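Let me begin by presenting the structure, written as structure tokens, before commenting on it.
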Amino acid sequence: MKEVLCVYSTSACHLCDLALRVIDAALSPDYFEKVIIDIADSDELIELYGVRIPVLKVQRTGDELGWPFNEDDLIEFVNRVLFTDG
């Protein structure tokens, strides 16, 4: 079963485009399903993430990684959250 990674984003967000490129380069679609969530569709999401996007959230655990991050940061985050105890 693939791990679902939610990417909070919105249109015309240059940093969001950069984050998506990092995610695509670092994580295999064989193991991860990327779900892009446009915060503009929800007042609640705008309040939560409006000044923080892009934000990557592991759906199963609720852990978040905020921008900026590079491939190494992302891999370390995923390993820590999903593949280590505590």
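The values are calculated or read from the model by the stated rules, or taken from the named source; none is laboratory data. What you see is a predicted model, and the numbers here were worked out from it, not measured in a lab. When we count neighbours, we look across all protein chains shown, and the Cβ atoms used for this are built from the backbone with ideal geometry, even at glycine.
Only one entry in Ile39, Ile23, Ile46 is at pLDDT 95 or above, β-branched (Val, Ile, Thr) and under 10 Å from the mean Cα position of the chain (by Cα), namely Ile23.
Taken over the stretch 29-61, the criterion of being among the hydroxyl-bearing types (Ser, Thr, Tyr) and either surrounded by 14 or more Cβ atoms within 10 Å (Cβ to Cβ) or in contact with a Ser or Thr (Cβ under 9 Å, 6 or more places away or on another chain) (or both) is satisfied by Tyr49 alone.
Of all residues in the stretch 1-10, those that are part of a loop (DSSP other than H, G, I, E, B) and under 19 Å from Glu64 (Cβ atoms) total 2.
I need the full set of residues from the stretch 19-68 which are within 17 Å of Met1 (Cα to Cα), among the β-branched types (Val, Ile, Thr) and in a loop (DSSP other than H, G, I, E, B), in order please. Across the stretch 19-68, the qualifying residue is only Thr61. In the stretch 11-28, the residue that is farthest from Trp67 (Cα to Cα) out of those that are in contact with a Leu (Cβ under 9 Å, 6 or more places away or on another chain) and buried (at least 18 other Cβ atoms within 10 Å of the Cβ) is Leu27.
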